[in-house]
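So the structure is just underneath, and the comments pick up after that.
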Amino acid sequence: MYISSADLMTRNTERRVEIACPVLDNNIKQRISDMLETMLRDNTKAWEQFADGRYLRRSPPSDLVINSQELFIKQARADAANALSRDKGKTARRPCIPRILDWLKTNFAKRRLK
């Protein structure tokens, strides 16, 4: 499995530099695969195209509605709540970006001094 910054459109594959990389971790592969399956089952704003070019808006029964955006938001909130309860009482860590900026400043300052 690979992930990429571009969709497969000509303008993205022939006239730009795009990044793609393999996903090596099996847990992450499974999570991405599950997310793709959920998005493909999403039927809240779905349209069906017929052979003659007509489109018809699909309207699923209310008990079969799958809205991937809402599902992912609920999952993210649940994951965040679980992480907070799991990390309760642990030493708070600084957010990633300030730590990276500190590292860059320190390392580039050392280079300039040499």
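Please treat every number below as a calculation from the coordinates, not as lab data. Here the structure is a predicted model, which is why all the values come from computation and not from measurement. No Cβ is skipped: glycine too gets one built from the backbone with ideal geometry, and neighbour counts run over all protein chains shown.
For a modelled paramagnetic label at L104, 7 Å from Cα along Cα-to-Cβ, the residues of region 1-27 in reach, with backbone nitrogen under 20 Å, are 19. Stretched out straight at 0.36 nm per residue, the stretch from S85 to S59 would grow longer than its current Cα-Cα span by 5.4 nm. Pairs of Lys residues in the chain that lie 8 or more places apart, or on two chains, and have C-alpha atoms under 22 angstrom apart add up to 4. Applying 0.36 nm per residue to the separation of D34 and I3 and subtracting their alpha-carbon distance, the gain on full extension is 9.7 nm.
Label sites at L24 and E70, each approximated as a point 7 angstrom past Cα along Cα to Cβ, lie 4.0 nm apart. Share of pairwise Cα-Cα distances greater than 18 Å in the chain is 76 percent (whole percent).
For the chain, the longest principal axis of the alpha carbon atoms and the long axis of helix 26-41 meet at an angle near 30°.
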